[in-house]
1. Do you know which residues across the range A:111-142 are closer than 12 Å to A:R92 by Cα, not in a helix (DSSP H, G or I) and not charged (D, E, K, R)?
2. Can you say whether A:G99 is over 30 Å from A:L228 (Cα atoms) and modelled with pLDDT of 95 or more, as far as the supplied structure shows?
3. Before we move on, is B:L279 buried (at least 19 other Cβ atoms within 10 Å of the Cβ) and assigned by TED's automatic domain parsing to the domain that holds B:V35?
4. Take the residues of the range A:119-138 that are touching a strand residue (DSSP E or B) at 6+ places or on another chain (Cβ under 8 Å) and within 12 Å of chain B (Cβ to nearest Cβ): which is surrounded by the most Cβ atoms within 10 Å (Cβ to Cβ)?
5. Which residues, taken from the range B:27-60, are surrounded by 18 or more Cβ atoms within 10 Å (Cβ to Cβ) and farther than 20 Å from B:L186 by Cβ?
6. Quick one: A:L120 ticks every box in (1) touching a Gly at 6+ places or on another chain (Cβ under 7 Å); (2) touching a residue at least 40 places away in the same chain (Cβ under 8 Å); (3) aliphatic (A, V, I, L, M) except a single one, so which number is it?
7. Going through A:V14, A:V60 one at a time, which residue ends up being β-branched (V, I, T) and buried (at least 24 other Cβ atoms within 10 Å of the Cβ)?
8. For the range A:48-89, what are the residues that are under 18 Å from B:L387 (Cβ atoms) and in contact (Cβ under 8 Å) with a residue 60 or more places away in the chain?
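The values are calculated or read from the model by the stated rules, or taken from the named source; none is laboratory data. Given the structure is predicted, the values throughout are model-derived calculations rather than measurements. A quick note on method: Cβ atoms are made from the backbone with ideal geometry, for glycine too, and the neighbour counts reach across all protein chains shown.
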Amino acid sequence: MIELSDLRKTFGAVKAVDGVSFTARDGEITGLLGPNGAGKTTTLRMLYTLMKPETGHIRVDGIDIASDPTGARRRLGVLPDARGLYKRLTARENIEYFGRLHGLDEGTLKARTEALIAALGIADIAERRTEGFSNGQRVKTAIARALVHDPRNVLLDEPTNGLDVMATRALRQFMLKLRDEGRCVLFSSHIMQEVAALCDRIVVIARGRVVAQGTPDELRRQAGDDNLEEAFVKIIGTEEGLSL
Amino acid sequence: MSPWKVVFWKEVRENARDKRTMFSTFVLGTLMGPVLFAVLISLVISVQLERAEKPLELPVIGAEHAPNLIAWMKTRGVVIEEAPADPEAAIRKRDEDAVLRVPAAYAEEWRAGQPATLELIVDRSQQKAEQTVRRVEQMIAEYSSLTATQRLLVRGISPQVVQPVLIADVDQSTPQSRGGMLLAMLPYLLILTVFAGGSYLATDATAGERERQSLEPLLVNPVGRGEIMAGKLLATLAFALASLAISLTAFALSTPLFPVEKIGIVVKLGPAECAQLFLLVAPLGLIGAGLLTTVSAYAKSFREAQTYNTLLILLPAIPSMLMALNPVKPADWMYALPLLSHQLVIEQTVRGEGVALWQAGLSIGTTLLVGLVIAFVAMRIYHREHLAISA
């Protein structure tokens with residue numbers, strides 16, 4: 001479970017994140033929907049301790065990340081916006097590198113790596129150096145790398161960005177699987193359909209603020225529109241920076 | 001395995017797979033010094049041998065005014081040549097090293113017992129001509145003194161009268177120390193190897209990692225940034241020390257191939273000296289790796305880091321150049337300054353003078369201390385929030 005309360009972050013004069021609070025629960029997919037530049041990535045970066053919030057608290061499974069950032073990171077699996085792989089290492093070596101940094105013993109590491117390679121369907125590329133991978137192959141490898149330590153909480157920043165239809169569908173299936181395993185899945189997106197199709201709860205964010213949150217039904221009711229995508233546009237006030 | 005070890009081995013393995021890094025680090029970087037040095041040594045040897053053994057050729061204008069001098073010079077093996085039409089131009093164009101002109105007044109002055117003037121046309125800024133000019137001057141001085149002695153003897157005076165003071169040249173240079181002059185550039189070549197050896201890895205491991213968007217995911221792992229930095233810094237150090245070892249081995253193997261003893265010097269660069277040099281120069285690797293890592297973390301892009309790091313490699317050249325332009329007597333405090341102390345202890349080693357234990361200890365100690373301070377600065381920069389933010 002992930003709890004954020006009253007997060008703020010400014011860059012110069014720009015209030016990138018301006019009082020964001022929400023909770024992402026275990027066994028649910030929580031979607032962070034907002035146009036490009038709304039503050040989604042900055043919120044997630046504060047959540048996975050890359051940046052320090054100016055005010056507010058973040059708790060991961062009850063652990064305050066300001067007082068125990070390392071403990072919080074152990075409980076997080078993160079696919080950041082930056083998802084570069086080491087191109088002179090094979091996909092498997094990329095995954096194992098992160099597993100060793102998590103301190104996994106060799107037996108657990110082997111078992112976890114095999115399980116993720118099978119679950120993500122990347123057995124055919126596992127022994128290949130990642131140079132020249134397609135976007136889909138890169139994202140799958142990066143996800144396996146992020147989940148090698150079997151985290152309870154999974155953060156994905158715009159996971160389907162740049163993926164083709166096949167890869168996007170596979171990734172959505174995988175996210176549902178993570179949820180069904182009882183994990184807390186939090187992902188950001190500017191694609192309305194994706195959020196509508198996947199999420200148990202939706203947090204709509206615009207100009208650094210949470211402008212609405214709730215289940216899809218609650219959001220439809222709040223906007224007074226049966227079409228969820230229309231509801232999003234009404235809530236945010238513009239279509240700019242969003243995709244269908 | 002501790003996280004820093006995980007990072008260390010990953011960096012070493014990843015860079016070992018890059019043919020370009022391996023080639024530029026361990027072939028170009030390490031052999032450049034020994035090859036440059038070998039070329040220089042053989043050049044010095046061949047020039048010195050040629051100059052010393054070649055008969056002196058001297059174009060003379062107005063030889064008919066001084067037949068005795070010319071005849072005497074010929075008995076001393078000088079080949080008297082026809083002078084060029086414009087001797088000044090010939091010297092300026094470096095066609096000739098020196099031209100002797102005997103003025104028409106020479107014979108008259110000689111007969112009158114006055115100093116007879118000869119003109120030696122030379123260009124003092126020409127290093128190539130130095131040896132020839134010196135040989136001509138020595139020969140004329142010898143002729144002059146011979147004539148003076150004869151004149152005194154004719155008058156019944158002991159020639160010793162005109163030599164109240166005599167300088168006896170007691171040269172204290174040993175064959176090794178003369179070789180050391182030839183080896184004056186060795187300190188820079190070795191120090192350069194240590195800096196350059198880790199340069200590519202340091203740039204790649206921090207600025208490159210950020211540019212390829214993998215630093216952010218790396219920092220999300222439950223590992224302190226200090227540990228990640230330490231692994232990368234130590235990998236840089238490992239590459240730097242490997243470069244140094246290869247370079248020294250190449251020196252040890254190649255130096256005996258050159259007949260330096262023919263020009264009267266001994267170069268001490270055997271396995272024992274090379275092992276000592278490794279111990280003395282290795283601590284500098286920490287400063288190099290620390291600076292390279294700091295700069296790579298500070299730079300905004302890979303290109304910027306590359307540019308800075310290329311300039312950084314030139315940093316150790318500064319003490320070497322100062323010492324070459326303005327050689328100073330080694331003072332005790334100099335052994336406490338990294339780079340300067342290395343200049344001194346390396347030179348002492350190759351000159352065969354030996355390095356005192358306190359000199360080595362002071363140099364190694366202060367270098368490690370400065371290295372640790374720089375590593376600490378690198379760690380501070382690693383903790384900055386925007387380190388990982390590439391976009």
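1. Of everything in the range A:111-142, those that are closer than 12 Å to A:R92 by Cα, not in a helix (DSSP H, G or I) and not charged (D, E, K, R) turn out to be A:I122, A:A126, A:T130.
2. yes
3. no
4. Within the range A:119-138, the match that is surrounded by the most Cβ atoms within 10 Å (Cβ to Cβ) is A:T130.
5. Result: B:L56, B:L58, B:P59, B:V60.
6. (1)
7. Numbers: A:V14 fails: buried (at least 24 other Cβ atoms within 10 Å of the Cβ).
A:V60 is the lone residue from the list that is β-branched (V, I, T) and buried (at least 24 other Cβ atoms within 10 Å of the Cβ).
8. The answer is A:Y48, A:V78, A:P80, A:D81.
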